[in-house]
Amino acid sequence: MHKQFPHLFSPGKIGNVEIKNRICKAPQTTGLSHMDGSVSERLVRYYEDLAWGEVGMIIVEYAYIDRLYSKSASNQLGICDDEFIVGLGWLADSIKNAGSVPCIQIEHCGRQRFLGPPMKSASANPWPLMYERYGKIAIPEALTIDEIHDIVEAFGKAAWRAKTAGFEVVEIHGAHGYLITNFLSPFTNQRNDWYGGSRENRFRFLEQIFKRCKDYVGEDFPIIVRLSGTDYEPGGMTIEDTIYYAKRLEEMGCAAIDVSGGDHHQMVHQVTPMQLSKGHNVWAAEAIKQEVSIPVFATGSITLPQYAEEILASGKGDFISMGRPLLADPYWGKKALEGRPEDIAPCIRCNEGCLDRGNHLGKSINCTMNPTLCFEDALAIHPAPEAKKIAVVGGGPAGMQAAVVAARRGHEVTLFEKRKLGGLLHEASMPEFKADIRNALAYLTTQVGKAGVHVVNKTAQIEDLAGFDGVILATGANPVTLPLPGADAPKVQLAVDILNEKAAAVRGNIVVIGGGLIGTETAVHLGLQEGNRVTIVEMLPQIMKDCSDCDHIVYTQMIQEHQIQVMTSARVVEITEEGVVVEKNGRQTIAADHVLVAVGLKPNRALYDQLKEAGVKVIVVGDCGKVGKIYDAIHSGYKAGLKI
């Protein structure tokens, strides 16, 4: 028995298939297939890494089941024709060769079709995002009875292809707002035939799909179903609905229930950002587990092994299904098994790579914390041809990542940082709703130590860099100040300067100038403190222009809940004893006891200019080159460590 995580590394069974541990890779589209949906070498390489990383069962990303309307996204995996079987067999065998059980999810996208119209659904009500993008042509056509029968048959054939290819388990995708959910949820199902209305009728489509799949694969072959505990939609699917569906599925021979939540309209509950709770949908798994005897998968923001262990130990789930954490570190399971969880690159739930810069925007999936994702060979760390003395100036995320990679290549690395390692990660992780960033800070700091990087606590001057063979400059960025009358008053501070213990002293009427990411997060952080009255003033027509979609949704809710005032298209002209003078349809004064400035950052290039003048070879990374996000810092730092 594993001492640290005994439940996580105990074997389990899905039907008649034994799983070596309780870690399952949740299905996530990668965009790594060929354009026609066939298996590519990049796709196989990606899943091999997961299998070697001690994942017990890998649920391969959703595969579309017909050539009509089921395909959701570009380069999505296909299982719609027998010609795909050979490639799928290559994928399944590669997963088995590396010691993991291969499972595949089969799917019809329904109204959530990123490729755009035409779309089919239970009823003619559109996904709001698609309606905004395409207008009336995004209203899906309600499926006819004959079309429903054809789709049921297509699911059955897809399950047979999966079994023929060598997959040992099949998962039917009945969650997240895709076609089956369009029938299950009263929010999207307004049919008045025997597929709509009552709970039993809404279940009929999934019932027929499940039975047809069983017809094709046989009673002994395990089929599992992914369900949303709730879609979190007003008037949508409730946990009582899902418990009913789960119990019916168990009666029909379902091997396990994989419990998630949300749909693409309620994305924050499906791919939970760091501002929301850890284990966000575990409550639903626990509720369903109390009602069925088959295994239940717990999912949703289970980012660290200790969280997974607690869920299993407390009986809230039988298996842990993880998506983003295994993007951040495919060797999550191996590191936990070996008793070194501190070496796991943690998912910080930023959704920056997996969503905002992912394949829905024309790219394969990627990750803030894992620069090698989908580039496992091209960006692998290899020994340097010649060991050199390398200086890294700046101990923020870019500098730490660069130092670690350079050291692991065999270079002798010295890292200069005037304060404690982490740079602006300390300020970024100060609000409790951004605590996940603390995990990234702890991880990077630990890796600097383990890589043998020599840390010098001082501000590096040009003379300190003499004798080094190369310099990586990660001096970050400085906050922009306001050249306004009254900007030098004692009550005026930079927002980043109070994202520490000083924040508790900022009380009363607070005006935050600047509605970007830093300004918004500072306003929300202070708005959570009882008695504070916070106003955001922004020159642009909207705030949060640089925020991710999920952050935008969550912060909008928090701003409304805590009555934070927002003034857009407004220009600050002066700061007085009374407050902030703003010009918007005339002048007005907003009362302020404290004024916090968050109007942007500018690269700190002073040392760079000196080094270039002296003819020193230098690579610039992170905000020092171009102000960006944690993603940009870590990726640029990693690549610099490979190049130098």
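Since every read-out is calculated from the coordinates, none of them should be taken as a lab result. Owing to the predicted nature of the structure, the values given are computational and were not obtained by experimental measurement. In this analysis, Cβ positions are derived from the backbone assuming ideal geometry, glycine residues included, and neighbour counts consider all displayed protein chains.
Of note:
- Peptides 185-194, 130-139, 339-348, 252-261 ranked from most to least packed, by the mean per-residue count of other Cβ atoms within 10 Å: 252-261, 339-348, 185-194, 130-139.
- Between helix 397-408 and the chain there is an angle of about 80 degrees, using the helix long axis and the longest principal axis of the Cα atoms.
- The angle separating the long axis of helix 145-165 from the principal Cα axis of greatest extent in the chain is about 80 degrees.
- Crossing angle, helix 85-97 versus the chain [Cα axis fit, 0-90 degrees, rounded to tens]: 70 degrees
- Among residues other than residue 505 with Cβ under 15 Å from its Cβ, the summed charge is -1 (Lys and Arg +1, Asp and Glu -1).
- Estimated 222 nm signal from helices in the chain, with DSSP H stretches of n ≥ 4 weighted -39500 (n - 2.57), rounded to 500: -9500 deg cm²/dmol
- A DSSP coil position with no more than 14 other Cβ atoms inside 10 Å describes none of the chymotrypsin sites (Phe, Trp or Tyr not before Pro) in the range 382-448.
- Hull volume in cubic angstrom per residue (convex hull over the Cα atoms of the range 478-604): 108 Å³
- Across the range 120-137, computed HN-Hα scalar couplings (Karplus, 6.51 cos²θ - 1.76 cosθ + 1.60, θ = phi - 60°) run 10, 7, 5, 9, 8, 10, x, 6, x, 4, 5, 5, 5, 7, 10, x, 4, 5 Hz from first to last residue, x flagging Gly and Pro.
- Segments 548-554, 3-9 sorted - mean Cβ within 10 Å per residue, highest first: 548-554, 3-9
- Mean separation of Cα contacts under 8 Å (6+ apart) over length of the range 571-644, as relative contact order %: 17 percent
- Based on Cα contacts under 8 Å between residues 6+ apart, the chain shows a relative contact order of 11 percent.
- Among residues other than residue 86 with Cβ under 15 Å from its Cβ, the summed charge is -4 (Lys and Arg +1, Asp and Glu -1).
- Taking the average, over residues, of other Cβ atoms within 10 Å as the packing measure, peptides 146-153, 175-182 rank 175-182, 146-153 from highest down.
- Separation of the range 22-76 from the range 582-623 is 42 Å, based on Cα centroids.
- The chain: antiparallel DSSP beta bridges as a percent of all, rounded to 5: 20 percent
- The range 326-367-the range 224-259 distance, computed between alpha-carbon centres (Å): 27 Å
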